[in-house]
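The values are calculated or read from the model by the stated rules, or taken from the named source; none is laboratory data. Quantities reported herein were computed from a predicted structural model and do not represent experimental measurements. Please note: Cβ atoms are built from the backbone with ideal geometry, for glycine as well, and neighbour counts cover all protein chains shown.
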Amino acid sequence: MTKITFVEHDGTEHTIDAAEGTTLMEAATKNSVPGIDADCGGACACATCMVYVPAEWKDKLEAIDTMEETMLDFCEHSDENSRLSCQIKVTADMDGMRITMPESQH
Amino acid sequence: MEEAIVIIGAGQAACQAIMSLRAEGYEGPITLIGEENYAPYQRPPLSKKFLAGEIGYDRVELKAESFYAESGVTAYWGTRATEIDRRAKRVLTNDGRYHPYSKLLLATGAQVREINVPGFELEGIHYLRNIEDVHAIQAGFKPGARMVIVGGGYIGLEVAAVAKKRGIDVTVLETADRVMARVVDPIVSHFYERLHREAGVTLRTGVTVSGFEGEGKVAAVVSGEGERFACDIVLVGIGVIPNTDLAHEAGLEVANGIAVDACARTSDPDICAAGDCTSHPNDIYGHKLRLESVHNAIEQAKTAAASLVGKEKPYNQVPWFWSDQYDVKLQIAGLSTGYTDAVVRGDPESGKSFAVFYLKDGQLLAVDAINRAPEFMMGKILVAQKAALDPARIKDESISVKELVAK
Ligand SMILES: Cc1cc2nc3c(=O)[nH]c(=O)nc-3n(C[C@H](O)[C@H](O)[C@H](O)COP(=O)(O)OP(=O)(O)OC[C@H]3O[C@@H](n4cnc5c(N)ncnc54)[C@H](O)[C@@H]3O)c2cc1C
Ligand code: FES
């Protein structure tokens with residue numbers, strides 16, 4: 001299990017044990033972390049699962065693909081740290097990662 | 001009476017409502033009544049990755065099993081609500097129990113439309129709505145098997161794509177003169193017909209199924225035009241009907257779905273409804289909508305939860321849908337009903353990437369994006385703004401989608 005902390009926009013923290021091989025989005029929604037809608041359930045079709053991954057963790061994640069990049073480009077609250085959490089597979093390297101979340105997914 | 005919220009139906013909308021009720025600060029008891037033997041799960045993968053066997057149940061269930069107890073929910077799986085007694089404010093279930101409520105949420109979803117032609121009861125004829133339907137289909141999902149799919153809508157075509165990849169011999173029969181006729185322009189229909197034919201699917205339009213033949217088990221599908229299509233397995237995907245019986249029998253207003261206002265309230269102020277079962281107003285289009293989509297179930301459930309605790313958070317969003325077939329992702333923003341012009345950006349005749357913008361007297365109603373995420377994302381924003389667009393700019397790919405509205 002990989003420990004990951006999700007920090008809500010208001011500062012509330014949720015530390016969860018994420019199973020390797022699932023996605024960050026699944027780990028969050030299954031563990032009742034609020035603020036991730038994930039309308040499309042991980043099909044990279046909705047961009048309602050956006051999170052901010054701090055720069056120092058970036059090289060621990062799989063690279064962003066064009067589909068994800070385009071979707072993010074149109075999200076209201078996205079910045080250079082934004083990722084779609086459904087496109088990130090949980091690995092042991094992510095143990096201890098802290099992720100912050102947008103004010104809303106719309 | 002003490003506060004107690006009862007939810008009938010345990011699908012996508014119900015699951016969201018539970019989360020939202022707690023997020024809104026409701027601390028009282030919640031009772032969840034679900035007919036299926038499963039806790040809420042996602043249906044979209046049932047015609048995609050789950051059917052293909054690429055993901056298991058653990059990846060389609062919406063919440064971990066412990067979620068319901070931890071959220072203070074008393075859940076009854078495999079239990080059907082049979083009556084709403086509005087005077088006594090309680091729900092009767094098929095196990096003989098009564099569940100008193102102060103507020104009630106109807107999240108009963110929809111059921112498949114059945115085909116009523118001779119031979120409909122033969123073994124091997126399937127529908128697709130539930131996990132159990134998938135298990136039944138998978139039992140006959142063997143390479144070399146012959147499958148006939150009745151109905152060329154999203155579900156039929158998604159199943160065709162999965163079956164073809166599995167090495168099954170697939171024939172799709174559609175009554176209309178083109179596939180997905182209910183939701184997209186002929187340009188998009190013809191693109192999907194080409195896609196499936198190139199994959200080796202036999203696709204026949206203008207064919208009306210008039211019966212099934214076989215000894216106990218289906219062996220052929222017969223058309224009104226007198227053709228016979230030999231097969232080992234049949235999938236019927238001809239649409240859904242909203243589950244409104246309980247509401248209707250309880251005297252609630254029903255009109256092509258349980259009638260609700262923008263705050264998801266039915267004609268009884270103590271009863272809300274959300275998801276596939278409702279018919280609701282939408283300001284962007286100025287008329288009532290009945291939608292079958294996850295986005296609608298989630299967003300309307302959030303609104304309903306707010307109403308159940310006495311807050312007002314009207315639901316008024318651009319509907320959107322998606323469909324995955326082979327390596328092609330279709331994303332639809334908005335509803336194109338009533339369009340006067342379909343303007344194409346990109347080339348639908350070759351390749352697998354283009355978008356269709358639907359305009360009514362210049363105003364954007366909807367966008368169908370085929371492997372075109374920018375057009376889809378921008379489309380959602382522009383439809384919400386009721387933007388007026390110039391067809392010449394839409395067609396000109398040297399203009400970025402962000403610049404489509406002329407300054
Ligand atoms: C194969 C398939 C593929 C799909 N693909 C997509 C897609 O790609 N994108 C998209 O946006 N949408 C898709 N959809 C539609 C989407 O799944 C639905 O819109 C969504 O599930 C609606 O949620 P709901 O909560 O309103 O209803 P449901 O999820 O249908 O839940 C309703 C539940 O209530 C139960 N119920 C009904 N009556 C009673 C009763 N009297 N007592 C107890 N329980 C009762 C039902 O058994 C059911 O479990 C797909 C649907 C299917 C079937
Ligand atoms: S869940 Fe839809 S894009 Fe991530």
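Starting from segment A:35-61, keep only residues that are within 23 Å of B:ASP58 (Cα to Cα) and away from every other protein chain (no Cβ under 11 Å), then list their pairs with residues that are among the hydrophobic types (A, V, I, L, M, F, W, C) and surrounded by fewer than 20 Cβ atoms within 10 Å (Cβ to Cβ) whose Cβ atoms are within a distance under 8 Å, requiring at least 6 positions of separation or different chains. Close Cβ pairs satisfying both conditions: A:MET50/A:CYS75. For the structure I just gave you, tell me whether A:ILE88 is more than 13 Å from chain B (Cβ to nearest Cβ) and either within 13 Å of ligand 2 (Cβ to nearest atom) or on the phi < 0 side of the Ramachandran plot (or both). When the stated conditions are applied, A:ILE88 passes them.
Against the definition (within 11 Å of another protein chain (Cβ to nearest Cβ), in a strand (DSSP E or B), crowded, with 16+ Cβ neighbours inside 10 Å and modelled with pLDDT of 95 or more), how does B:ASP368 come out, yes or no? Against the criterion (within 11 Å of another protein chain (Cβ to nearest Cβ), in a strand (DSSP E or B), crowded, with 16+ Cβ neighbours inside 10 Å and modelled with pLDDT of 95 or more), B:ASP368 does not qualify.
In the set B:SER279, B:SER293, only one residue is without any contact (Cβ under 8 Å) to a residue 60 or more places away in the chain, of a type outside the set (Phe, Trp, Tyr), in contact with a strand residue (DSSP E or B) (Cβ under 9 Å, 6 or more places away or on another chain) and more than 13 Å from every other protein chain (Cβ to nearest Cβ); that residue is B:SER279.
Within segment B:1-26, being more than 12 Å from chain A (Cβ to nearest Cβ) and among the β-branched types (Val, Ile, Thr) holds for B:ILE5, B:VAL6, B:ILE7, B:ILE8. Out of all the residues in segment B:41-56, is one or more within 19 Å of the chain's Cα centre (by Cα), under 23 Å from B:CYS272 (Cα atoms) and at the interface with chain A (Cβ under 9 Å from one of its Cβ atoms)? Yes.
Reported count of residues in segment A:10-24, each being touching a residue at least 40 places away in the same chain (Cβ under 8 Å) and either out of contact with any Gly (no Cβ under 7 Å at 6 or more places or on another chain) or of a type in the set (A, V, I, L, M) (or both), is 6. Each residue in segment B:199-213 was checked for being in a loop (DSSP other than H, G, I, E, B), touching a helix residue (DSSP H, G or I) at 6+ places or on another chain (Cβ under 8 Å) and not aliphatic (A, V, I, L, M), and 1 pass. Just to be sure before I move on: is B:ILE238 more than 15 Å from ligand 1 (Cβ to nearest atom), in contact (Cβ under 8 Å) with a residue 24 or more places away in the chain, in contact with a Gly (Cβ under 9 Å, 6 or more places away or on another chain) and outside any helix (DSSP H, G or I) in the structure I sent? No, not satisfied. Could you tell me whether any residue of segment A:25-32 is within 10 Å of ligand 2 (Cβ to nearest atom) and touching a residue at least 40 places away in the same chain (Cβ under 8 Å)? Checking segment A:25-32: at least one residue is within 10 Å of ligand 2 (Cβ to nearest atom) and touching a residue at least 40 places away in the same chain (Cβ under 8 Å).
Of the numbered criteria (1) at positive phi; (2) modelled with pLDDT of 95 or more, the one B:GLY351 fails is (2).
Whether any residue in segment A:64-80 is away from ligand 1 (no atom under 16 Å from the Cβ), touching a residue at least 60 places away in the same chain (Cβ under 8 Å), among the hydrophobic types (A, V, I, L, M, F, W, C) and out of contact with any strand residue (DSSP E or B) (no Cβ under 6 Å at 6 or more places or on another chain) is what I want to check. Within segment A:64-80, not a single residue is away from ligand 1 (no atom under 16 Å from the Cβ), touching a residue at least 60 places away in the same chain (Cβ under 8 Å), among the hydrophobic types (A, V, I, L, M, F, W, C) and out of contact with any strand residue (DSSP E or B) (no Cβ under 6 Å at 6 or more places or on another chain).
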